[in-house]
Structures are given as C-alpha cells and as structure tokens.
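**Q** Below: one structure in structure tokens.
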Amino acid sequence: MKAEPISSTTRPTVAEIRQARTQNPKMRERDLAGVLGITEAELVASFVGHGVRRIATDFDVLFNGLKQVGTVMALTRNESAVHEKIGPFEKYVNGKRAALMLGEQIDTRMFPANWVHGYAVEKADGNDVRRSLQFFDAHGDAVQKIHARPETDKAAWDRLVETLLLDDQAPDTLPEISEPEPFERKTAADGVGPVLRERWQAMTDPHQFHGLLKDLDLDRISAFELAGNEWAWPLDRGAVPALLRLAASEGIPIMCFVGNRGCIQIHSGAVETIMDKGPWINVLDPTFHLHLRTDHIYEVWAVRKPADVGHVTSVEAFDSTGRQIIQFFGVRGEGNAERSDWRGLAEKLPQLDRAVQLGAAE
C-alpha cells in the first residue's frame, strides 16, 4: 500500500506515523518521512518504546565503544549520494570542533555540534533482528548510521547501547526539529579574483583551501570560476561515471568523499564492480558501496591545489544549488607525489567549454 501524503497544514501524530510504517514496511525511512512531511529523525523517534531507544551522542563513549564490537557497516549520505563502508572502527581522535575516525576501512571526519539526536534501533527481520545506531542533526537529517552485521560482536554492541541510553525513554514524544538555513551561493566581490589566484598559488597544503574560501567569503564553485584553467576547469556532467569506470578498468586507487553537515566519510582504495540502475550509478565491492544519483549532478570541476609535493588533483560534483555532492582524489601518502595514473585519468575526463559552463550557471 502506498503512503498518502499528509496535508501541509496537518502534522501526523505518532500513531499515524507508526501506522504509515506498518502500511509501507519496505519503504525506506527517508522516503517515507518525505511522503509524510516529517523528518527522518521524527519517523525513527516515533518508535521509541517499540524497538527504538534514545541514546547519547557522546563521542568518547560511542567511538571508543565501537572499537570493541568488530565489523560493522558505517553509512554516511546526503541528498544525492550514499557512502557505505564495511569494517571495524579503529583509531578515534577526539576534537571539540572536529573529530576523526582513522582506519583502513572506516575513515571519517565528524563535527560533534551537528550530532544532536541519537537512537538505537532494533527491527525484526524474519527470525533475525537488525540492529543500528542512528544519529541526526538539529534539522532531523541523518549524519551517520552504524549497522550491525552478522560478524558483529552482539554482546559488545548491547553493552555499548546500555552505556549510551538516556534516562528519557518516554514514548509518543518527537524531537524538537529546527528549519535549516537554505544553502546560498557566495559569489565573488569585485577585485577578489587576483587575490584568490595569488593565495591559491601560495598554498602548501590542500587543507588550506577551506581557510581561503572563508577569508574571501566564497563558495567552492565561485572560487573555481575565478581560478583560471591552470587551477580549475569544468567537466561534462558525465565525468563522474566515466571516472568510476576508468578507475575500475585501469585499477587506479581513488579516494571518494561523501559528506553532510555532521560527517564526511572517505573510501581509499580500488573500486571494481560498477553497476547502473536507473539514475543511480553504484559501486558494489566487498567493503565499499556507493550509490550516486547521476541525475542530481549539475556541475563537475577538475581542480588542482598545491601540496607538500607538487600539486594534487580533485574531481568535484555539485547539484543545481551549488552544494557539493561528492569529491574524488587519487590515493596519495603524505610526502609523496600524486600518482601519475590518477592525474592522467582526471586530465582526460571530458571537459566542458568554460563559456558554456558559465552560461549554464547563469
């Protein structure tokens, strides 16, 4: 049975949300929440007392505890891309503004202020129980989900959940959700171009680029448009699927970044199995799954940034609002030059005439 949209003037009750879930058992939570006119956090919270419990977003407890549970699946997504990594949580590095999880498989950059609502979820699946930890920002959007797998240490998982449980487990109470500020492009002020190009050329680490954008009050695309072809050039919208297929066929290891307000998740290594399904292009490898909506890609740029050795090349895709969907680099160790095969791949992707790109964006 297909879920019926809720009137824009009527918010569904907790009972109505649960009923809609029962009527649509196979619909993904994110999709069902959209049909009901609520956030995914509200949908999950409506089941507190029915297989869902509220948990703390205490990074020290959470990530040190996850190191004990063994292999899991970590999922980070935005509106257009879903990034899944299978493996153990390994080295946690705390930080007030940003924390890190470093490991061969699960590699993330996390922003604690945006981990606001947490839930431990258990769902019956035939004779099995599917377990997950799900975290949402203040606006009700998922920042990361961690799913138990058959090889996960269930006893360690249960101990971690018990440690994280909040006192308030009252049912029929939805979280407070705030409206996000709309994403807005930050276009360049007069005279910024020469300053940007001078500072860009003076960088010694790609991570300095964020500070450059902040200082000049620019978004990424505006900076690319000003940088000149030496540093950034537009690509055809089909460049990202081409990149994935070339990396797979030529055995070139890549870094793939997908992020949202609270988490950026990274894959480093080969990609092998590339499959199309409708508008999605998918990577379906043993420890890495990527699901990317190619019809959401509006602009793609190849970008060079100075590094400790030479420069590094990225390929970045954006939606129609200018929000970044996904970013790729070649795998590179610190102190090493960029791989020539990755650089060659990026530089042979189909380019778009800059005048055409700028005209399409106007």
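The values are calculated or read from the model by the stated rules, or taken from the named source; none is laboratory data. Since the model is a prediction, treat every value here as computed from it, not as a measurement. Neighbour counts run over all protein chains shown; Cβ positions are idealised from the backbone, glycine included. Just the protein is used for accessible areas: all its heavy atoms, side chains included, with ligands, DNA and RNA removed. Shrake-Rupley method; radii C 1.70, N 1.55, O 1.52, S 1.80 Å.
**Q** Answer yes if at least one residue in segment 48-67 is under 27 Å from I326 (Cβ atoms) and in contact with a Cys (Cβ under 7 Å, 6 or more places away or on another chain), and no otherwise. Explain how you work it out, then say what you get.
**A** So in segment 48-67, the residues under 27 Å from I326 (Cβ atoms) come out as 57, 59, 62-63, 66.
Keeping just the survivors that are in contact with a Cys (Cβ under 7 Å, 6 or more places away or on another chain) gives none.
Looking through segment 48-67, none of the residues is under 27 Å from I326 (Cβ atoms) and in contact with a Cys (Cβ under 7 Å, 6 or more places away or on another chain).
**Q** Out of all the residues in segment 14-64, which are over 18 Å from G140 (Cα atoms), buried (at least 20 other Cβ atoms within 10 Å of the Cβ) and over 22 Å from the mean Cα position of the chain (by Cα)?
**A** Across segment 14-64, the qualifying residue is only A20.
**Q** Tally the residues that are assigned to a loop (DSSP other than H, G, I, E, B), open to solvent by less than 30 Å² (accessible area, probe 1.4 Å) and either of a type in the set (V, I, T) or over 17 Å from I326 (Cα atoms) (or both), restricting the search to segment 209-220.
**A** Step one: of segment 209-220, the residues assigned to a loop (DSSP other than H, G, I, E, B) are 217-219.
From what's left, open to solvent by less than 30 Å² (accessible area, probe 1.4 Å): 218-219.
Now restrict to residues that are either of a type in the set (V, I, T) or over 17 Å from I326 (Cα atoms) (or both): 218.
Total satisfying the criteria: 1.
**Q** Quick one: count up the residues across segment 320-329 that are within 16 Å of the chain's Cα centre (by Cα) and closer than 25 Å to P182 by Cα.
**A** Summing the residues that are within 16 Å of the chain's Cα centre (by Cα) and closer than 25 Å to P182 by Cα in segment 320-329 gives 6.
**Q** Ok, one more. Of all residues in segment 65-104, which are surrounded by fewer than 18 Cβ atoms within 10 Å (Cβ to Cβ), among the polar types (S, T, N, Q) and assigned to a strand (DSSP E or B)?
**A** Selection gives T71 alone.
**Q** Right, something else. In segment 298-333, which residues are under 18 Å from H210 (Cβ atoms) and acidic (D, E)?
**A** Once the filter is applied, which keeps residues that are under 18 Å from H210 (Cβ atoms) and acidic (D, E), segment 298-333 yields D308, E316.
**Q** Something else: Could you tell me which of the residues A99, A124 is in contact with a strand residue (DSSP E or B) (Cβ under 7 Å, 6 or more places away or on another chain) and over 22 Å from H289 (Cβ atoms)? Spell out the reasoning first.
**A** Working: A124 fails: in contact with a strand residue (DSSP E or B) (Cβ under 7 Å, 6 or more places away or on another chain).
Answer to the check: A99.
**Q** Could you list, in sequence order, the residues of segment 172-203 that are touching a residue at least 40 places away in the same chain (Cβ under 8 Å) and either within 11 Å of A227 (Cβ to Cβ) or surrounded by fewer than 10 Cβ atoms within 10 Å (Cβ to Cβ) (or both)?
**A** Result: E179, W200, Q201.
**Q** Now a separate question. Take A247 and tell me if it is under 25 Å from W342 (Cβ atoms), of a type in the set (G, A, S) and open to solvent by less than 10 Å² (accessible area, probe 1.4 Å).
**A** On the way: under 25 Å from W342 (Cβ atoms): yes; of a type in the set (G, A, S): yes; open to solvent by less than 10 Å² (accessible area, probe 1.4 Å): yes.
So A247 fits the description; yes.
**Q** Another question, if that's okay. Scan segment 68-90 for residues that are farther than 16 Å from I264 by Cα and in contact with a strand residue (DSSP E or B) (Cβ under 7 Å, 6 or more places away or on another chain) and report the count. Quick ask: steps written out before the conclusion?
**A** Looking only at segment 68-90, we keep the residues that are farther than 16 Å from I264 by Cα, and these are 68-72, 87-88, 90.
Next cut, in contact with a strand residue (DSSP E or B) (Cβ under 7 Å, 6 or more places away or on another chain) only: 70-72, 87-88, 90.
Count: 6.
**Q** Report yes if T173 is over 24 Å from the mean Cα position of the chain (by Cα) and of a type in the set (S, T, Y), otherwise no. Spell out how you get there, then give the answer.
**A** Values: over 24 Å from the mean Cα position of the chain (by Cα): yes; of a type in the set (S, T, Y): yes.
Judged against the criteria, T173 is a match.
**Q** Hey, which of the strands (runs of 3 or more DSSP E) in segment 226-306, taking only ones fully inside, have at least 1 residues that are without any contact (Cβ under 8 Å) to a residue 40 or more places away in the chain and of a type outside the set (D, E)?
**A** Working: elements: 232-235, 254-259, 263-269, 274-277, 280-284, 288-293, 299-306.
In segment 226-306, the matching strands (runs of 3 or more DSSP E) lie at 274-277, 280-284.
**Q** Take the residues in segment 105-138 that are modelled with pLDDT under 95 and hydrophobic (A, V, I, L, M, F, W, C); name whichever of them is surrounded by the fewest Cβ atoms within 10 Å (Cβ to Cβ).
**A** For segment 105-138, the residue satisfying everything is A124.
Listed here are the residues, each with its yes/no results for (1) open to solvent by less than 30 Å² (accessible area, probe 1.4 Å); (2) modelled with pLDDT under 95; (3) within 17 Å of the chain's Cα centre (by Cα); (4) of a type outside the set (D, E).
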site: S222; (1), (2), (3), (4): yes, no, no, yes
site: Q265; (1), (2), (3), (4): yes, no, yes, yes
site: S268; (1), (2), (3), (4): no, no, yes, yes
site: V271; (1), (2), (3), (4): yes, no, no, yes
site: P279; (1), (2), (3), (4): no, no, no, yes
site: T287; (1), (2), (3), (4): no, no, yes, yes
site: R293; (1), (2), (3), (4): no, no, yes, yes
site: Y298; (1), (2), (3), (4): no, no, no, yes
site: F318; (1), (2), (3), (4): yes, no, yes, yes
